[in-house]
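Everything on this sheet refers to the single structure shown next.
The values are calculated or read from the model by the stated rules, or taken from the named source; none is laboratory data. None of these values were measured; they are calculated from a predicted model. With ideal geometry, Cβ positions are generated from the backbone for all residues, glycine too; neighbour counts draw on all protein chains shown.
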Amino acid sequence: MLRILRLAAIILLGLSCLAVQAQTQAETRQRLLQSVETGRPQEAIPIGEHAIEQWPDDAEIRHFLGLAYFKTGQLKPAREQLERARDLNKKDPQVHFDLALVCLSQQDYSAAADELQAVVKLTPANALAHVLLGRSYLNSNRSVQAIDEFKTALRLDPAIRLGHYHLGFAYSSLGRNDEAIAEYRTELRRSGEHPEVVYELGHALLESGKHEEAIGHLQRASELTPQNPDVWYNLGKAQLLAGHVAQAETSLRKAIELNPKDPSPHYQLARVLEKLGRTNDAHSERERFSELKKAQPASAGMATGRDQ
């Protein structure tokens, strides 16, 4: 009888220890999550690092630790922890989503697309995931697939932030400028004067040969983002094509000032100077263009829309 009582006591003690351990594990998850969500990721990191030594197969702890690393800019350990969390629980769409954000930050668009494909498979109504998947496709030169994802996102949530902008950008990448212009106009009506949308609308109008209209939007973009050399380059190019040669010189020189290593403004400036009758100056700009062009590495990925 005494042996039975002792055995029962040992079993009860063991169960009690397991219950305490389970409670401590749950409390640790809660502390980690609370630290991350309240803007204290630095505090979460040592908690999480200690916790994964005790519970290495806890997907939630690894997930929250990965988020803490991500929020402190430590992308490599963030990805390692989130990949481990994903492998431990492949059916959690939030882990796939957060891992995709890390991959996007690392410009690993192929890996981001894989994770976001998992998200939309698990939660097909997630409009933001469709937008991010579209962006991943777009940065991998898969513009047609990107368009499908942006359209899906807008169908799920017509008010999703910058949805029409992203769709317009995808159209622009395929040279479908009229469709791009329509999407940019829609985005401006919905979201207000977003600098990138204003600029891309001006650029698409320029590419469509609507130079005077392009100037208006590009001029406004130069006021909204005066430190953006691409804005000044395209404004100068539009002004040149519209016959506003003196203004074009000012804009192109501003583009060169902001980005001295870009050859394209020198090419356009040479054209401007020729029209102004300053042949020697034009020759100097052409030489500078050739020097910078030779020093420029071959580009890869999406086209920039530059035709010099």
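The table that follows gives values for the structure above.
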quantity	calculated
Segment 212-229, subset of a type in the set (D, E, K, R) and within 24 Å of residue 161 (Cα to Cα), residue surrounded by the fewest Cβ atoms within 10 Å (Cβ to Cβ)	223
Test: residue in segment 181-199 that is surrounded by 18 or more Cβ atoms within 10 Å (Cβ to Cβ), of a type in the set (Gly, Ala, Ser) and touching a Leu at 6+ places or on another chain (Cβ under 8 Å)	no
Unique match (being crowded, with 17+ Cβ neighbours inside 10 Å, at pLDDT 95 or above and within 20 Å of residue 268 (Cα to Cα)) among 202, 209	202
Conditions (1) more than 16 Å from residue 70 (Cβ to Cβ); (2) part of a helix (DSSP H, G or I); (3) more than 11 Å from the chain's Cα centre (by Cα); (4) of a type outside the set (Ser, Thr, Tyr): number failed by residue 98	(1)
Residue 68 being in a helix (DSSP H, G or I), within 25 Å of residue 118 (Cβ to Cβ) and small (Gly, Ala, Ser)	yes
The lone exception for residue 98 - which of (1) charged (D, E, K, R); (2) touching a Gly at 6+ places or on another chain (Cβ under 9 Å); (3) under 22 Å from residue 194 (Cα atoms) it fails	(3)
Residue list for segment 169-199, restricted to those being assigned to a helix (DSSP H, G or I) and under 16 Å from residue 144 (Cβ atoms)	169, 170, 171, 172, 173, 179, 180, 183
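Residue by residue, here is whether (1) modelled with pLDDT of 95 or more; (2) under 27 Å from the mean Cα position of the chain (by Cα); (3) surrounded by fewer than 16 Cβ atoms within 10 Å (Cβ to Cβ) holds:
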{"site": "14", "(1), (2), (3)": "no, no, yes"}
{"site": "17", "(1), (2), (3)": "no, no, yes"}
{"site": "24", "(1), (2), (3)": "no, no, yes"}
{"site": "33", "(1), (2), (3)": "no, yes, no"}
{"site": "56", "(1), (2), (3)": "yes, no, yes"}
{"site": "61", "(1), (2), (3)": "yes, yes, no"}
{"site": "66", "(1), (2), (3)": "yes, yes, no"}
{"site": "72", "(1), (2), (3)": "yes, yes, yes"}
{"site": "79", "(1), (2), (3)": "yes, yes, no"}
